[in-house]
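So that we are looking at the same thing, I have put the structure below in structure tokens.
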Amino acid sequence: MAWHGDRVPPQVLGLRHGRGMEPQDALGHTGTQYVLARPGERYVVYASNSRGRLGLRDMTAGKHTLLWLDCVSGATVFQESVSVSEGSQTWPKPAAIGNEMAVYLRRVSP
């Protein structure tokens, strides 16, 4: 997994809000390769070569913040108050984000 560690902000790696997050790769869906999660609360999702969407299974409904990271260029895109339905969900990668990417999702309200 090529994180380019010196470019990855702590919140994307789950270090700031990451207490209790564990590998949960089985939650990955539609282009997602690796998942760190505290299911229902926080997720870090990674793909090394995604050209479209990333997804997760078994999501809890609510409003989430999403912080996207281009793992090569270091570019970030923040999406606030994204409505997420229960179950499997996918999100389109923002135009500013390349094919090697990570996204940090945090549930902020029901």
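Where residues in region 25-64 are aliphatic (A, V, I, L, M) and without any contact (Cβ under 8 Å) to a residue 40 or more places away in the chain, which of them is surrounded by the most Cβ atoms within 10 Å (Cβ to Cβ)?
So in region 25-64, the residues aliphatic (A, V, I, L, M) come out as 26-27, 35-37, 44-45, 47, 54, 56, 59, 61.
Narrowing the set further to residues that are without any contact (Cβ under 8 Å) to a residue 40 or more places away in the chain leaves 26-27, 35-37, 59.
Values: 26: 10, 27: 19, 35: 22, 36: 20, 37: 24, 59: 21.
Here the residue is 37.
Hey, can you tell me all the residues within region 36-73 that are β-branched (Val, Ile, Thr), farther than 12 Å from residue 108 by Cβ and either in a strand (DSSP E or B) or at pLDDT 95 or above (or both)?
If the condition is that a residue be β-branched (Val, Ile, Thr), farther than 12 Å from residue 108 by Cβ and either in a strand (DSSP E or B) or at pLDDT 95 or above (or both), then 44, 45 are the ones that fit.
Regarding residue 27, is this residue at pLDDT 95 or above and under 11 Å from the mean Cα position of the chain (by Cα)?
Values: at pLDDT 95 or above: yes; under 11 Å from the mean Cα position of the chain (by Cα): no.
So residue 27 fails the test.
Working only within region 74-95, note down all residues that are part of a strand (DSSP E or B) and over 17 Å from residue 106 (Cβ atoms).
As a first pass, look at region 74-95 and keep what is part of a strand (DSSP E or B): 76-84, 87-92.
87, 88, 90, 92, listed by residue number.
Of all residues in region 65-110, which are surrounded by 13 or more Cβ atoms within 10 Å (Cβ to Cβ), among the small types (Gly, Ala, Ser) and closer than 23 Å to residue 23 by Cα?
Matches in region 65-110: 88, 102.
The values are calculated or read from the model by the stated rules, or taken from the named source; none is laboratory data. Note that the structure is predicted; figures quoted are calculated from it, not measured. Neighbour counts run over all protein chains shown; Cβ positions are idealised from the backbone, glycine included.
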